[in-house]
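*Asks:* Attaching a single structure in structure tokens format; questions to follow.
Each value in this text was obtained by applying a stated rule to the coordinates, not by laboratory testing. Quick caveat: nothing in here was measured; it's all calculated off a predicted structure. When we count neighbours, we look across all protein chains shown, and the Cβ atoms used for this are built from the backbone with ideal geometry, even at glycine.
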Amino acid sequence: MDNLRLFVAGNAEITIEINPGTANKEKLKKYKEIGINRLSIGLQSADNELLSEIGRIHKYEDFLNVYNEARNIGFRNINVDLMLGLPNQDLKKLEESVKEVITLSPEHISIYSLILEENTKLYDMVQDARSLPLGADKCIVERDKVLDMLDEISNQLPGELKQAKTIVDSRNELIAKAKREAEGLVRQAQSQAK
């Protein structure tokens with residue numbers, strides 16, 4: 001496909017997920033050329049030891065190189081993915097990762113909890129009891145701590161950035177409301193079909 005813009009509205013957000021271990025300058029340039037305007041980079045953690053333990057092929061330095069190269073090429077909308085609940089990940093390691101990412105000022109940070117996928121190194125390690133992910137209770141504590149950190153940082157944003165954050169938060173709430181309403185309609189239709 002030569003240019004994605006031929007198939008979508010001009011103001012559409014077109015995202016590609018990239019792995020810092022396989023992305024390079026040439027790929028980033030090509031993504032930009034064909035119309036991709038948002039990157040989602042799967043960092044997972046800024047801790048190299050932890051990245052190795054979970055079978056990731058990149059180091060934090062690889063991520064930094066890809067992130068900086070993307071900025072140099074002209075990407076102005078970048079998301080960074082982090083994970084919580086990883087084996088041997090304590091709250092301090094998670095906080096350090098979040099702080100590292102925040103210093104880069106990405107437009108979005110996603111923090112996911114661990115989901116074990118079959119046919120991965122981490123899945124096999126857990127199955128063999130060589131490594132155990134954090135329990136749900138610790139994941140909740142980690143999540144809440146990270147949310148507190150992000151709230152504190154967003155409260156320190158300059159006025160125009162706070163306004164943009166409010167707009168995004170409002171948009172996300174509208175999307176969530178629409179989703180809840182749609183789920184309600186589906187449940188109602190299912191009950192009427194019985």
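*Asks:* Find out how many positive minus negative residues lie around Glu107, taking Lys and Arg as positive, Asp and Glu as negative, among other residues whose Cβ is under 9 Å from that of Glu107.
*Replies:* +2
*Asks:* Just the C-alpha atoms of segment 1-102: what Rg/Rh do they give, with Rh taken as the Kirkwood radius? Mind showing how you got there, number by number?
*Replies:* On the way: Rg = 15.0 Å, Rh = 14.5 Å.
Result: Rg/Rh = 1.03.
*Asks:* Same structure again: Work out, step by step, the length gained on full extension between Leu91 and Lys32: first 0.36 nm times the residue separation, then minus their alpha carbon distance; give nm to one decimal. Please report the intermediate quantities before stating the final value.
*Replies:* Details: separation 59, 0.36 × 59 = 21.24 nm, distance 3.60 nm.
Between Leu91 and Lys32, full extension yields an extra 17.6 nm.
*Asks:* Rg to Rh ratio, segment 76-116, alpha-carbon atoms and Kirkwood radius?
*Replies:* Values: Rg = 10.9 Å, Rh = 10.8 Å.
Over the Cα atoms of segment 76-116, Rg/Rh equals 1.00.
*Asks:* Note down the relative contact order for segment 1-92 as a percent, whole number, built from C-alpha pairs under 8 angstrom at least six residues apart. Write out the running numbers ahead of the final one.
*Replies:* Working: 115 pairs, mean separation 30.2, N = 92.
That works out to 33 percent.
*Asks:* OK, next. For the cross-link pairs Lys27/Lys145; Lys29/Lys145; Lys27/Lys59; Lys32/Lys93; Lys25/Lys93, which exceed 25 Å when the distance is taken from alpha carbon to alpha carbon?
*Replies:* Numbers: Lys27/Lys145 36 Å; Lys29/Lys145 37 Å; Lys27/Lys59 19 Å; Lys32/Lys93 33 Å; Lys25/Lys93 29 Å.
Beyond 25 Å between Cα atoms: Lys27/Lys145; Lys29/Lys145; Lys32/Lys93; Lys25/Lys93.
*Asks:* Calculate the FRET efficiency for Asn11 and Asn68 from the Cβ-Cβ distance with a Förster distance of 30 Å, rounded to the nearest 0.05.
*Replies:* On the way: r = 27 Å, r/R0 = 0.89.
The computed FRET efficiency comes out at 0.65.
*Asks:* Separate question: Say R0 is 35 Å: what FRET efficiency, to the nearest 0.05, do Arg76 and Asn119 get from their beta-carbon distance? Walk me through the intermediate numbers first.
*Replies:* Values: r = 36 Å, r/R0 = 1.03.
The pair Arg76/Asn119 has a calculated efficiency of 0.45.
*Asks:* Determine the sum of side-chain charges near Lys59: Lys and Arg each +1, Asp and Glu each -1, restricted to other residues whose C-beta is under 11 angstrom from that of Lys59. Walk me through the numbers before you get to the answer.
*Replies:* Numbers: positive: Arg56; negative: Asp47, Glu49, Glu61, Asp62.
Taking every other residue near Lys59 into account, the sum is -3.
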